[in-house]
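A quick write-up on the structure given underneath.
The values are calculated or read from the model by the stated rules, or taken from the named source; none is laboratory data. Keep in mind that this is a model prediction, so the values were computed, not measured. In this analysis, Cβ positions are derived from the backbone assuming ideal geometry, glycine residues included, and neighbour counts consider all displayed protein chains.
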Amino acid sequence: MGILEVKNLIVSIQSLYKKVNILRNISFSIGKNEVVSLVGESGSGKTFTALSIMKLLPQAAKIETGEILIDGENIIEKDEKKMVKIRGEKVSMIFQEPSSHLNPVFTIGNQMVECVKGNLTKGEKKEKVIEILKEVELPEYIFYQYPHQLSGGMQQRVMIGMAIINKPSLLIADEPTTALDVSTSFRIINLLKKLISTHKISVIFITHDISLAVNFSDKIYVMYAGEIVEKSPSKKLINSPLHPYSEKLIACLPEKYKKREKIKTIEGTVPDFSSLPSGCAFHPRCPYKKEICEKFLPEEIKIGESYVRCFRYGKITKNN
Ligand SMILES: Nc1ncnc2c1ncn2[C@@H]1O[C@H](COP(=O)(O)OP(=O)(O)OP(=O)(O)O)[C@@H](O)[C@H]1O
Ligand code: SF4
Ligand SMILES: [Mg+2]
């Protein structure tokens, strides 16, 4: 059994006029010590997936059906008191903007000590924090500083420290480096790699950067309009993608360009969840579209080590 199993998850959001499904029947799993990247265009539902696993969805959102099993326990049934224990001890999350997740009026030490779980004295908790500061390669004096005295990279190191301080089985990193400059990003990525391998943590890494995802993770799951359309080993995905959307994402990578070639984008836009195209949601942008694609949803099928949802390979799963 994996660390995480998400089964047939449907999550909706109630807007002013109607309820729409943002996550549309997604299923996936993360194995022990496995690092999986979740990629897809902006608005495809990556953060929603992460927030569902943390049970930190916005108020207007609702888990309609499905299961989220962490270490075999279905967290959908857990109340907030139980979730407070699960968050940190079993699963924790690093966000894109560290500054908006640190309280400006408390010292770093104060906030980190608050995160330490278990029956420890104040002194023991402080010791644990000092230890973790070393692990995230920050000097001890940071303990006494306020968030505004730290650079973005240092703040993200603090967030990483807070996320791993209770040794969770699963870490979710939602675009942890997009707010940072390139060299700071590389240092943070290398730090994450080191910590993941030292502590043997399973990881969901959310990113727009497929090249980084290939370098960072064992597998890549591709999201489109609230569905996972392909799950493949990283090297397989970049070398021979199965889904037309994955193929387009990879064709747009800068390293695939010839000299002076125009920058490519995927024609069309991510559909609005309140008026999704019928059938396969990618059909208006797909060069391989057939008549069936506009009417029905493709089933997920296994090809080698990959899973894909597309009529080029599979059959009908349901009438749209
Ligand atoms: N609080 C909210 N209220 C209404 N709709 C929302 C809310 N948060 C997100 N959405 C919608 O849900 C969809 C999925 O959002 P999500 O944040 O998961 O996308 P994402 O893949 O993480 O995008 P990005 O790469 O830009 O972070 C988007 O279309 C967005 O418009
Ligand atoms: S199901 Fe049809 S429209 Fe959708 S990605 Fe496959 S070929 Fe393209
Ligand atoms: Mg997001």
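State the number of residues belonging to region 24-38 that are within 16 Å of ligand 3 (Cβ to nearest atom) and out of contact with any Ser or Thr (no Cβ under 6 Å at 6 or more places or on another chain).
2
Inside region 90-123, can you point out the residues that are crowded, with 18+ Cβ neighbours inside 10 Å and of a type in the set (Phe, Trp, Tyr)?
PHE95
What are the pairs, 6+ residues apart or on separate chains, where a residue within region 178-192 that is of a type in the set (Asp, Glu) has its Cβ under 9 Å from a residue that is crowded, with 18+ Cβ neighbours inside 10 Å?
Close Cβ pairs satisfying both conditions: ASP181/GLY153.
Does region 42-58 contain any residue that is away from ligand 3 (no atom under 16 Å from the Cβ) and either assigned by the TED database to the domain that holds ALA251 or out of contact with any Leu (no Cβ under 7 Å at 6 or more places or on another chain) (or both)? Explain how you work it out, then say what you get.
Pass one, region 42-58, residues away from ligand 3 (no atom under 16 Å from the Cβ): 55.
Next, from what is left, pick out any that are either assigned by the TED database to the domain that holds ALA251 or out of contact with any Leu (no Cβ under 7 Å at 6 or more places or on another chain) (or both): 55.
Scanning region 42-58 turns up at least one residue that is away from ligand 3 (no atom under 16 Å from the Cβ) and either assigned by the TED database to the domain that holds ALA251 or out of contact with any Leu (no Cβ under 7 Å at 6 or more places or on another chain) (or both).
Within region 63-70, does at least one residue satisfy the condition of being in the same structural domain as ALA225 (by the TED database) and within 17 Å of ASN166 (Cβ to Cβ)? Break it down stepwise before answering.
Filtering region 63-70 for residues in the same structural domain as ALA225 (by the TED database) gives 63-70.
Okay, now just the ones that are also within 17 Å of ASN166 (Cβ to Cβ), so 70.
Looking for residues that are in the same structural domain as ALA225 (by the TED database) and within 17 Å of ASN166 (Cβ to Cβ), one finds at least one in region 63-70, hence yes.
Please go through region 201-226 and pick out each residue that is more than 16 Å from ligand 3 (Cβ to nearest atom) and either among the acidic types (Asp, Glu) or out of contact with any Ser or Thr (no Cβ under 9 Å at 6 or more places or on another chain) (or both).
Scanning region 201-226 gives SER211, ASP218.
Mind checking which strands (runs of 3 or more DSSP E) fall wholly inside region 234-320 and carry at least 1 residues that are surrounded by fewer than 12 Cβ atoms within 10 Å (Cβ to Cβ)? Walk me through it before giving the result.
Numbers: elements: 296-298, 300-303, 306-309, 316-319.
Output list reads 300-303, 316-319.
Show the residue pairs meeting these rules: Cβ distance below 8 Å; 6+ apart or different chains; first residue within region 1-24 and charged (D, E, K, R); second residue within 16 Å of ligand 2 (Cβ to nearest atom).
Going by the 8 Å Cβ cut-off, the qualifying pairs are ARG24/ALA225; ARG24/GLY226; ARG24/GLU227.
May I ask you to list the residues in region 151-193 that are touching a helix residue (DSSP H, G or I) at 6+ places or on another chain (Cβ under 7 Å) and in a loop (DSSP other than H, G, I, E, B)?
ILE165, ASN166, LYS167, PRO168, PRO176, THR177, ALA179, LEU180, listed by residue number.
List the residue pairs whose Cβ atoms are under 6 Å apart, where the first residue sits in region 275-298 and is under 16 Å from LEU249 (Cβ atoms), the second is within 16 Å of ligand 1 (Cβ to nearest atom) and assigned to a strand (DSSP E or B), and the two are 6 or more positions apart or on different chains.
Partner pairs satisfying both residue conditions: PHE282/TYR224.
Quick grid of which residues meet (1) in contact with a helix residue (DSSP H, G or I) (Cβ under 6 Å, 6 or more places away or on another chain); (2) under 19 Å from ALA173 (Cα atoms); (3) among the small types (Gly, Ala, Ser):
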site	(1), (2), (3)
LEU16	no, no, no
ILE22	yes, no, no
GLY31	no, yes, yes
VAL35	no, yes, no
LEU38	yes, yes, no
GLU64	no, no, no
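When the residues of region 199-210 are narrowed to those that are under 12 Å from ASN33 (Cα atoms) and in contact with a helix residue (DSSP H, G or I) (Cβ under 8 Å, 6 or more places away or on another chain), which ends up nearest to ligand 2 (Cβ to nearest atom)? Give the derivation first.
First, pick out the residues of region 199-210 that are under 12 Å from ASN33 (Cα atoms): 199-204.
The next check asks that each one be in contact with a helix residue (DSSP H, G or I) (Cβ under 8 Å, 6 or more places away or on another chain); those that pass are 199, 201, 203-204.
Working: HIS199: 38, ILE201: 34, VAL203: 28, ILE204: 24 Å.
Among residues in region 199-210 that are under 12 Å from ASN33 (Cα atoms) and in contact with a helix residue (DSSP H, G or I) (Cβ under 8 Å, 6 or more places away or on another chain), the one nearest to ligand 2 (Cβ to nearest atom) is ILE204.
Please go through region 161-179 and give me each residue that is buried (at least 19 other Cβ atoms within 10 Å of the Cβ) and either away from ligand 1 (no atom under 16 Å from the Cβ) or under 17 Å from ILE132 (Cβ atoms) (or both), ordered by number.
GLY161, MET162, ALA163, ILE164, ILE165, PRO168, SER169, LEU170, LEU171, ALA173, PRO176
State yes or no: is SER197 within 22 Å of the chain's Cα centre (by Cα), within 16 Å of ligand 1 (Cβ to nearest atom) and among the small types (Gly, Ala, Ser)?
On the way: within 22 Å of the chain's Cα centre (by Cα): yes; within 16 Å of ligand 1 (Cβ to nearest atom): no; among the small types (Gly, Ala, Ser): yes.
So SER197 does not fit the description; no.
Looking only at region 10-54, count every residue that is away from ligand 1 (no atom under 13 Å from the Cβ) and not β-branched (Val, Ile, Thr) and tell me the total. If you could, list the steps in order and put the result at the bottom.
Kept after step one, since they are away from ligand 1 (no atom under 13 Å from the Cβ), are these residues of region 10-54: 10, 25, 27-36.
Next, only the ones that are not β-branched (Val, Ile, Thr) stay: 25, 27-29, 31-34.
Total meeting the criteria: 8.
State yes or no: is ARG87 over 23 Å from VAL308 (Cβ atoms), surrounded by 13 or more Cβ atoms within 10 Å (Cβ to Cβ), in contact (Cβ under 8 Å) with a residue 24 or more places away in the chain and more than 14 Å from ligand 3 (Cβ to nearest atom)? Outline the logic, then answer.
Working: over 23 Å from VAL308 (Cβ atoms): yes; surrounded by 13 or more Cβ atoms within 10 Å (Cβ to Cβ): yes; in contact (Cβ under 8 Å) with a residue 24 or more places away in the chain: yes; more than 14 Å from ligand 3 (Cβ to nearest atom): yes.
Judged against the criteria, ARG87 is a match.
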